[in-house]
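Asker: One structure is given below, represented as structure tokens, and several questions about it will come after.
The values are calculated or read from the model by the stated rules, or taken from the named source; none is laboratory data. Please read all numbers here as calculations on a predicted model, not as lab measurements. Cβ placement follows ideal geometry from the backbone for every residue including glycine, while neighbour counts extend to all protein chains displayed.
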Amino acid sequence: MAKSKPKTKRAPKKPLKAPSFKLSSQQKLVWGSFLVILGLLLFIAFVSFIFTGEADQSTLSNFTSREIETQNWLSKSGAWLSDFFIQRGFGIASFIFSGLIFLSGVYVLMNINKTKLRKHWFWGVLIIVWLSILLGFFGHKNDILGGTFGFEINSFLQDYIGKIGTILLLIFGFITYLAIRFKVTFESIAKVFTSAKKDIKDDLSELKEDIIVPLDNNLSEEAEAIKSAFEIPLEEKTAEPQTKVKPVAESAPLEVKTPIVEEEPEIEIKVEDVKEEVSESDNLANKLVEDFGQFDPTLELAKYQFPTLDLLKKYDTEGITINQEELEENKNKIVDTLKNYNIGIASIKATIGPTVTLYEIVPDAGIRISKIKNLEDDIALSLSALGIRIIAPIPGKGTIGIEVPNKKSTIVSMRSVISSKKFQSSEMQLPIALGKTISNETFVVDLAKMPHLLMAGATGQGKSVGLNAVLTSLLYKKHPAEVKFVLVDPKKVELTLFNKIERHYLAKLPDSEDAIITDNTKVIHTLNSLCIEMDNRYELLKNAFCRNIAEYNEKFKARKLNPNDGHQFLPYIVLVVDEFADLIMTAGKEVETPIARLAQLARAIGIHLIIATQRPSVNVITGIIKANFPARIAFRVTSKIDSRTILDGSGADQLIGRGDMLYTQGNDLIRVQCAFVDTPEVEKITDFIGAQKAYPDAYLLPEYVGEESGTSLDIDKSDRDKLFKDAAIVIVTAQQGSASLLQRKLKLGYNRAGRLIDQLEAAGIVGPFEGSKARQVLVPDLLALDKLLEDEI
Ligand SMILES: Nc1ncnc2c1ncn2[C@@H]1O[C@H](COP(=O)(O)OP(=O)(O)OP(=O)(O)O)[C@@H](O)[C@H]1O
């Protein structure tokens, strides 16, 4: 069946262009001023038309003749336009048109969100129509009140539903408008009346207090009568007002209440109390929202512009190329190999992805799945390709999948995933566009749902690119007020570019100069500080009766939480640790404990962890860390054991590198080609953001006072390691206080060497921990050491 001619064809590409219609700054200026001026001209022409319209009527038929003069302030065009809009159109409601056009100009000039403008136009046109019909009701043919439109529609309606029907229809239109546009409800109208009633009641009680001296008894009685008249419907609707109009002493509200208490269970009364309290605070919040609108966390950087798509690169090699010959060849090889082992195939189907093609086969009835699974190596051999992965069966499909790498892989650009509809229209809290799946769909996940991410892979397989893809996604979707990054980069080179957006997006310790953390002591401080931030946030959530950060922020935006009680809008915090193995090796438990604590507890309060490591060994990814990182990404690793450590199964060892990855968030393994974002692209994005107005400082984390100086000095002499003296000799001889020196010279494990260093510090032989530098040796030579040790005894 092989075809003689290799036929290549391009798969239909998804449109890469951003959906929005963009104008350059110059075009905006031209368009904006054009619309503003047009709006003004129309307004002037319309006003003039009210006075000169009648006189100009006769001139309209001779519009082209220069001899005939018009009186409109804007001459012939003014007269014609006004006649068109007002007389023959919508009557004086047409003034709204000039307003809408003027407003559109302002929006374009000031680059304000266009969705709001669309709303204004929508409602504006509806009001024009409604007003024109309403005014047409009162007007006559050919008058300017409702215009021809208003008059004609009116006469049409009146023919069919009569005058009363038309009025009722107009009222209905008005109510619908209020309900949809201003969300007015029957309850809110009732509330307005109730609060008015309450105001009057308060005024009356004040009045009553003023009239203490019964000089004017009648007035006091009157006031009381009015007061009780209002009280009755609140307490008990059935009670007759007359019974209440009694002298103050006899009005006895207790009498009314007692039967209620007896008949009704107590709980109901309590419920009413609570309701009143809640509604009062709600009322205040509603009023604040009415007056000032919802709290907008982005207000401080209101003019902040999100990075544009053109900062990201387009790649020529993008788009899937289908090589029919390759497909056919691979299919035949798979079928033949399976046939050699007596496995018949009922059907075979291919799905082409960016780096691999998935062949889905349905074996003949009675074939055992394990038999096919065991043939992984044989199929790889016959296809002479690395990175064959067999998925038997594909979850939820009832077929067996064989993934075969494409001869020519295609790059998935960051631009293509960021511009995808799936990412652009995602409603996720922290959306991350990771790349494309085997079926070429953009793969978007929510970091807030993960809630933490573990990334592992051998060196050079795409981890750093993956981290950059995650950070880029968030930069494209989240305002600086909504998310903050804590970046830990022991390699000191990978994340430095993000320094430029320190005052926009980064969080740091109050006393530190650099926001990106490269030093191990600082990492420990930062992690502990994040734990404090976590505890503080939990306290805030508890006080606000919220279960998670999303609820809390919603409540804060609705102005239901008082900033004077310490409440504030809480941005998400994303902690990114590159080279986690390095940290664990040098700081061990000190790092593991806060990380584990954050991983266990921080999800609800919006702190999310992303940890990347080159060495996915069990002493780096410990059980406690694994248990709290259900979402994992595995790039290619070198051994099955490493794959098992990350994914709890094999697969990562069969990837082909360069961003080919497996993603899991529990059970399913999804193969994704990671989106590629290059350093120059990240640089452009950070430059773009960095050039804009920023907050005065990075987001400050709570202060953490380290304890390491105290703890090490508490070590008891009797607890010293047997090798303590030997270690001291090694350190003093080499004049270098490092644990790795002890490891090498005394052939020790890291932990024991670390303990020895702590003991040497306690004994005053080496100085305190200084991050990546070796500790200072405080004893100059062996003689001094001998003396020091003797003195101790
Ligand atoms: N998604 C991708 N698409 C195409 N090529 C990629 C992708 N990811 C990585 N590569 C290629 O692999 C190279 C190494 O990637 P990267 O620097 O991310 O590896 P790494 O795992 O971080 O390595 P190290 O651990 O040494 O820092 C990149 O320079 C790039 O050429």
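Asker: Within region 679-699, does at least one residue satisfy the condition of being at positive phi and surrounded by fewer than 22 Cβ atoms within 10 Å (Cβ to Cβ)? Walk me through how you get there before you give the answer.
Answerer: Residues of region 679-699 that are at positive phi, as a first pass: none.
Among the residues of region 679-699, not one is at positive phi and surrounded by fewer than 22 Cβ atoms within 10 Å (Cβ to Cβ), which makes the answer no.
Asker: Could you tell me which of the residues Ile379, Ile390 is free of Cβ contacts under 8 Å to residues at least 24 places away in the same chain and more than 16 Å from the chain's Cα centre (by Cα)?
Answerer: On the way: Ile379 fails: free of Cβ contacts under 8 Å to residues at least 24 places away in the same chain.
Exactly one of Ile379, Ile390 is free of Cβ contacts under 8 Å to residues at least 24 places away in the same chain and more than 16 Å from the chain's Cα centre (by Cα), namely Ile390.
Asker: Here is a further query. Please work out if Ile352 is buried (at least 17 other Cβ atoms within 10 Å of the Cβ) and under 34 Å from the mean Cα position of the chain (by Cα). Spell out the reasoning first.
Answerer: Details: buried (at least 17 other Cβ atoms within 10 Å of the Cβ): yes; under 34 Å from the mean Cα position of the chain (by Cα): yes.
So Ile352 passes the test.
Asker: Let me ask you something else. When you check Ser473 against the structure, is it away from the ligand (no atom under 12 Å from the Cβ), surrounded by 23 or more Cβ atoms within 10 Å (Cβ to Cβ) and of a type in the set (Ser, Thr, Tyr), yes or no? Give the steps one after another, and end with the answer.
Answerer: Numbers: away from the ligand (no atom under 12 Å from the Cβ): yes; surrounded by 23 or more Cβ atoms within 10 Å (Cβ to Cβ): yes; of a type in the set (Ser, Thr, Tyr): yes.
In short, yes.
Asker: Mind checking which residues of region 599-615 are at pLDDT below 90 and closer than 21 Å to Ala544 by Cα?
Answerer: Scanning region 599-615 gives Leu601, Ala602, Arg603, Ala604.
Asker: More than 16 Å from the ligand (Cβ to nearest atom) and not in a loop (DSSP other than H, G, I, E, B): is that true of Gly396 in this structure?
Answerer: Values: more than 16 Å from the ligand (Cβ to nearest atom): yes; not in a loop (DSSP other than H, G, I, E, B): no.
Judged against the criteria, Gly396 is not a match.
Asker: Here's another thing I want to ask about it. Take the residues in region 694-745 that are of a type in the set (Lys, Arg) and in a helix (DSSP H, G or I), then tell me which one is modelled with the highest pLDDT. Steps first, answer last, please.
Answerer: Keep residues of region 694-745 that are of a type in the set (Lys, Arg), which gives 717, 720, 722, 725, 744-745.
Right, trim to in a helix (DSSP H, G or I) and you get 717, 725, 744-745.
Values: Lys717: 73, Lys725: 88, Arg744: 78, Lys745: 80.
Only one residue fits best here, namely Lys725.
Asker: Within region 666-678, which residues are surrounded by fewer than 18 Cβ atoms within 10 Å (Cβ to Cβ) and polar (S, T, N, Q)?
Answerer: Asn667
Asker: Further question on the same structure: Looking at Glu482, is it without any contact (Cβ under 8 Å) to a residue 60 or more places away in the chain, surrounded by fewer than 22 Cβ atoms within 10 Å (Cβ to Cβ) and more than 23 Å from Glu592 (Cβ to Cβ)? It would help to see each step written out before you state the result.
Answerer: Details: without any contact (Cβ under 8 Å) to a residue 60 or more places away in the chain: no; surrounded by fewer than 22 Cβ atoms within 10 Å (Cβ to Cβ): yes; more than 23 Å from Glu592 (Cβ to Cβ): yes.
No.
Asker: Val356 versus (1) within 22 Å of Glu441 (Cβ to Cβ); (2) modelled with pLDDT under 80: which is the lone unmet condition?
Answerer: If we test Val356 against (1) within 22 Å of Glu441 (Cβ to Cβ); (2) modelled with pLDDT under 80, just (2) comes out false.
Asker: Can you tell me how many residues within region 399-416 are surrounded by fewer than 23 Cβ atoms within 10 Å (Cβ to Cβ) and part of a loop (DSSP other than H, G, I, E, B)?
Answerer: Adding up the residues that qualify gives 7.
Asker: Continuing with this model, one more query. Give the number of residues within region 156-176 that are without any contact (Cβ under 8 Å) to a residue 12 or more places away in the chain and polar (S, T, N, Q).
Answerer: Adding up the residues that qualify gives 2.
Asker: Another question, if that's okay. Hey, could you check region 359-393 for residues that are among the small types (Gly, Ala, Ser) and closer than 24 Å to Asn323 by Cβ and say which is nearest to the ligand (Cβ to nearest atom)?
Answerer: From region 359-393, those among the small types (Gly, Ala, Ser) are 365-366, 370, 380, 382, 384-385, 387, 392; that's our starting set.
Checking the rest, the ones that are also closer than 24 Å to Asn323 by Cβ come to 380, 382, 384-385, 387.
Details: Ala380: 23, Ser382: 28, Ser384: 23, Ala385: 18, Gly387: 15 Å.
Among them, the one singled out is Gly387.
Asker: Within the group Ile379, Ile390, which residue is out of contact with any Ser or Thr (no Cβ under 6 Å at 6 or more places or on another chain) and at pLDDT below 85?
Answerer: Ile390
Asker: Is it the case that Ser384 is farther than 19 Å from Leu669 by Cβ and either among the aromatic types (Phe, Trp, Tyr) or part of a loop (DSSP other than H, G, I, E, B) (or both)? Before the answer, list the steps.
Answerer: Working: farther than 19 Å from Leu669 by Cβ: yes; either among the aromatic types (Phe, Trp, Tyr) or part of a loop (DSSP other than H, G, I, E, B) (or both): yes.
Judged against the criteria, Ser384 is a match.
Asker: If you don't mind, there's one more thing I want to ask. Taking Leu383 as the residue in question, decide whether it is within 30 Å of Gln568 (Cβ to Cβ) and not hydroxyl-bearing (Ser, Thr, Tyr).
Answerer: Values: within 30 Å of Gln568 (Cβ to Cβ): no; not hydroxyl-bearing (Ser, Thr, Tyr): yes.
Against the criterion (within 30 Å of Gln568 (Cβ to Cβ) and not hydroxyl-bearing (Ser, Thr, Tyr)), Leu383 does not qualify.
Asker: Please state which one of Ile343, Ile348, Ile367 is modelled with pLDDT of 85 or more and not in a helix (DSSP H, G or I). Spell out how you get there, then give the answer.
Answerer: Details: Ile343 fails: modelled with pLDDT of 85 or more; Ile367 fails: modelled with pLDDT of 85 or more.
After ruling out the rest, the residue left standing is Ile348.
Asker: Let me ask another. Output the number of residues of region 360-377 satisfying the condition of being over 21 Å from Arg671 (Cβ atoms) and of a type in the set (D, E, K, R).
Answerer: 3
Asker: Could you grab me the full set of residues in region 419-436 that are among the polar types (S, T, N, Q) and either crowded, with 20+ Cβ neighbours inside 10 Å or in a loop (DSSP other than H, G, I, E, B) (or both)? Walk me through it before giving the result.
Answerer: Initial filter on region 419-436 (among the polar types (S, T, N, Q)): 419-420, 424-426, 429.
If the condition is that a residue be among the polar types (S, T, N, Q) and either crowded, with 20+ Cβ neighbours inside 10 Å or in a loop (DSSP other than H, G, I, E, B) (or both), then Ser419, Ser420, Ser425, Ser426, Gln429 are the ones that fit.
Asker: Could you grab me the full set of residues in region 557-578 that are closer than 24 Å to Tyr505 by Cβ, of a type in the set (D, E, K, R) and at pLDDT below 85?
Answerer: Once the filter is applied, which keeps residues that are closer than 24 Å to Tyr505 by Cβ, of a type in the set (D, E, K, R) and at pLDDT below 85, region 557-578 yields nothing.
Asker: Here is a follow-up. List the residue pairs whose Cβ atoms are under 7 Å apart, where the first residue sits in region 447-475 and is of a type in the set (Val, Ile, Thr), the second is assigned to a helix (DSSP H, G or I), and the two are 6 or more positions apart or on different chains.
Answerer: Listed pairs, sorted by first residue: Thr472/Met414; Thr472/Val682; Thr472/Ile685.
Matching residues to (1) in a helix (DSSP H, G or I); (2) modelled with pLDDT of 85 or more:
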| position | (1), (2) |
| --- | --- |
| Lys3 | no, no |
| Lys14 | no, no |
| Lys17 | no, no |
| Leu35 | yes, yes |
| Gly53 | yes, no |
| Ser58 | yes, no |
| Phe90 | yes, yes |
| Ile96 | yes, yes |
| Ile101 | yes, yes |
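Asker: Kindly state which helices (runs of 4 or more DSSP H) lie completely within region 438-547 and contain at least 1 residues that are of a type outside the set (Gly, Ala, Ser) and under 26 Å from Asn667 (Cα atoms). Before you say what the answer is, go through the steps one by one.
Answerer: Numbers: elements: 463-477, 502-505, 520-543.
Passing ranges, in order: 463-477.
Asker: When only residues in region 444-461 that are within 16 Å of the ligand (Cβ to nearest atom) and surrounded by 24 or more Cβ atoms within 10 Å (Cβ to Cβ) count, which is nearest to Leu601 (Cα to Cα)?
Answerer: Ranking the candidates gives Leu453 first.
Asker: Within region 356-375, can you find the residues that are without any contact (Cβ under 8 Å) to a residue 40 or more places away in the chain and under 29 Å from Thr410 (Cβ atoms)?
Answerer: Going residue by residue through region 356-375, those that are without any contact (Cβ under 8 Å) to a residue 40 or more places away in the chain are 362-375.
Across region 356-375, the qualifying residues are Val362, Ile372, Lys373, Leu375.
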